[in-house]
Amino acid sequence: MLILGIESSCDETAASVVQDHRTIRSSVVSTQIEEHKKYGGVVPEIASRRHCENILGVVREALDRGGVKLSDLDGIAVTYGPGLIGALLVGVSFAKGLAMSCGKPLIPVHHLTGHIASNYLTHADLEPPFLCLVASGGHSHIVEVLSYTDFRIIGRTRDDAAGECFDKCARAMGFPYPGGVHIDKAAAKGAPKAFSLPHPVVAGSEFDFSFSGLKTSVINMLHNAKQKGIAIDRNDLSASLQSAIAEVLTEKTIHAAETYGYRKIALAGGVSANSGVRAALSEACRKRGYEFFMPEISLCGDNGAMIACQGSYDLLAGITADESLNAAATVSIEHKESTV
Ligand code: KG4
Ligand code: ZN
């Protein structure tokens with residue numbers, strides 16, 4: 001089975017051809033980070049315009065590098081949500097036109113299910129059911145992956161996502177956008193216990209996250225220090241923040257695994273690239289004898305291969321869309337696209 005996957009939900013225009021669910025024939029990612037850096041974050045209109053300019057070239061390159069013609073494909077998978085609406089619309093419209101013109105099935109893929117699927121591309125033996133911590137710029141979910149196409153959320157963030165907390169604190173510390181990776185690098189040179197930061201507890205839900213208190217406390221600490229003329233060591237603050245985020249994500253995920261009886265745990269989403277989160281969750285799993293899976297670094301961020309991989313399982317389950325497919329800025333991972 002050959003699936004073309006197209007991703008344009010944020011600031012990466014990406015396309016990939018995946019064969020038989022798990023073999024990447026090609027993967028092309030065109031990132032806009034340098035342009036958005038000037039503004040300290042993603043500017044939605046600029047993102048849409050760049051997707052519009054780049055998408056044809058990126059898809060053509062993915063097909064060429066994979067040695068695949070449109071007529072060889074079994075389906076065209078595309079991220080339809082969640083994400084920036086203008087950005088998503090570019091990918092959805094493009095995929096729709098392509099699928100309709102070459103008579104191939106159009107497969108609507110939920111972005112977060114794509115992130116989860118990056119684990120299938122890394123671990124040939126991983127199969128559902130398992131528990132997955134999905135932490136990205138927009139989401140922090142603990143998800144039961146019941147099958148390749150059935151998902152249940154058992155914990156979510158009440159406010160900021162983990163990636164958002166990394167990025168906003170990084171910005172306050174003077175790191176360029178996107179800040180998560182800079183915190184990761186600085187943390188390697190700092191002391192994780194240098195600052196005592198709050199470990200947020202969410203009243204009423206043992207599996208939900210809240211990162212806004214942690215973010216505010218870091219920002220306030222930086223403001224107060226600046227007013228008093230005190231220098232704060234960015235490496236130490238980065239290490240303390242990273243360890244607080246990694247601990248909270250790990251504690252709740254392990255607690256969910258114990259409560260729901262999972263012994264197979266996976267990590268996914270942009271934040272899965274964070275070395276502190278990778279180490280903390282893998283160590284907690286190792287101690288308990290749980291199996292632990294995480295994507296290889298190149299598949300942690302947004303890419304087309306994860307969309308093609310998930311799309312191939314969606315197609316098997318009969319999840320396809322017709323020309324009425326629309327993009328959705330917010331849509332739950334539990335939502336099922338209707339089949340045609
Ligand atoms: O999944 P993703 O690429 O895009 C969304 O779907 O949101 O996630 C992007 C997020 C950003 O917040 C980025 O700072 C964060 O993932 N991120 C990291 C690291 N690499 C990416 N956060 C912490 N440490 C990293 N190494
Ligand atoms: Zn993502």
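The C-alpha atoms of the chain define a longest principal axis, and helix 85-102 lies at about 20 degrees to it.
The portion of the accessible surface of segment 253-340 made up by carbon and sulfur, rounded to a whole percent, is 51 (1.4 Å probe; DNA, RNA and ligands excluded). Annotation for segment 10-53: trypsin sites (Lys or Arg not before Pro) lying in DSSP loop with at most 14 further Cβ atoms inside 10 Å of their Cβ are Lys38.
Nearest 500 deg cm²/dmol is fine: what mean residue ellipticity at 222 nm does the chain get from its DSSP H runs of n ≥ 4 alone, each adding -39,500 (n - 2.57), divided by its residue count?
Theoretical 222 nm ellipticity from helices: -14000 deg cm²/dmol.
Antiparallel as a % of all DSSP beta bridges within segment 72-169, to the nearest 5? Around 70 percent of the beta bridges assigned by DSSP in segment 72-169 are antiparallel ones. Across segment 114-122, rounded Karplus estimates of 3J(HN,Hα) from the backbone phi angles (6.51 cos²θ - 1.76 cosθ + 1.60, θ = phi - 60°) give x, 4, 4, 5, 4, 6, 5, 6, 8 Hz, Gly and Pro being marked x.
Remind me, relative contact order of segment 128-298 in percent, using alpha carbon pairs under 8 angstrom and six or more residues apart?
26 percent
Size descriptors for segment 128-298, from the alpha-carbon set: Rg then Dmax equal 15.9, 55 Å. Within segment 36-113, the chymotrypsin sites (Phe, Trp or Tyr not before Pro) that combine a DSSP coil assignment with at most 13 other C-beta atoms in a 10 angstrom radius are Tyr39. The lysines whose alpha-carbon is closer than 29 Å to the alpha-carbon of Lys189, local same-chain residues fewer than 8 away aside, are Lys37, Lys38, Lys168, Lys215, Lys226, Lys228, Lys252, Lys287. Just to confirm the number: angle between the C-alpha axis of helix 304-316 and the first principal axis of the chain, 0 to 90 degrees, nearest 10? Helix 304-316 and the main axis of the chain meet at about 60 degrees.
Rounded, prolate or oblate, given the Cα gyration tensor of segment 1-142, with a/c below 1.5 counting as rounded?
oblate
The GluC sites (Glu not before Pro) of segment 53-158 include none that meets both criteria, a DSSP state outside H, G, I, E and B (loop) and at most 11 other C-beta atoms within 10 angstrom of the site's C-beta. Using every pair of separate Cα atoms, the Kirkwood estimate puts the hydrodynamic radius of the chain at 20.3 angstrom. In the context of the full set of protein chains, residues of the chain present 41 Å² of accessible surface per residue (probe radius 1.4 Å, heavy atoms only). To test your reading of the geometry: what angle, between 0 and 90 degrees and rounded to tens, separates the Cα axis of helix 212-228 from the longest principal axis of the chain? Roughly 50 degrees, rounded to the nearest 10. When both bridge partners sit in the chain, DSSP labels roughly 60% of those beta bridges antiparallel.
The values are calculated or read from the model by the stated rules, or taken from the named source; none is laboratory data. All of these numbers come straight from a predicted model, not from anything done at the bench. Reconstructed Cβ throughout: ideal geometry from the backbone, glycine too, with neighbour counts over all protein chains shown. When the accessible area is computed, the model is the full protein with side chains, heavy atoms only, and any ligands, DNA or RNA have been set aside. Shrake-Rupley method; radii C 1.70, N 1.55, O 1.52, S 1.80 Å.
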